[in-house]
Amino acid sequence: MRQLSKLFRVLGNERRLRILTLLERGPRTVDSIAENLKLSVKSTSKHLLRLEEAGLVGREAKGRYVYYKPKHLTMKKLLTIERLCR
């Protein structure tokens with residue numbers, strides 16, 4: 001129950017939902033996410049850390065860049081539900 005509560009707390013933030021929606025289109029760097037969503041890199045990094053701790057996103061280093069992407073099918077299902085609720 002605690003994990004579920006933490007998950008919903010993480011998903012309760014509009015900026016994190018916007019990040020997840022953007023990542024659904026493909027892996028991106030922190031800079032790319034920040035630029036697309038008009039957020040600071042520092043703020044974006046903090047939100048990505050929370051999403052990563054919740055198990056919703058993963059990261060992969062390619063050269064000197066780190067790319068973030070959706071981690072689980074669960075996350076994709078959550079995004080589908082979110083889209084249907086609009």
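Restricting to region 39-73, and then to whatever is surrounded by fewer than 18 Cβ atoms within 10 Å (Cβ to Cβ) and β-branched (V, I, T), can you tell me which residue is farthest from P27 (Cα to Cα)?
Of everything passing the filter in region 39-73, V41 is farthest from P27 (Cα to Cα).
Could you please give the count of residues in region 1-40 that are in a helix (DSSP H, G or I) and either in contact with an Asp or Glu (Cβ under 6 Å, 6 or more places away or on another chain) or of a type in the set (S, T, N, Q) (or both)?
5
Filter region 41-73 down to the residues that are under 17 Å from K6 (Cα atoms) and either assigned to a strand (DSSP E or B) or over 12 Å from the mean Cα position of the chain (by Cα) (or both) and list them by number.
Within region 41-73, just V57 meets the criteria.
Readers should treat all values here as calculations from the given coordinates under stated rules, not as data from a laboratory. None of these values were measured; they are calculated from a predicted model. Here the Cβ is made from the backbone with ideal geometry for all residues, glycine too, and neighbour counts use every protein chain on show.
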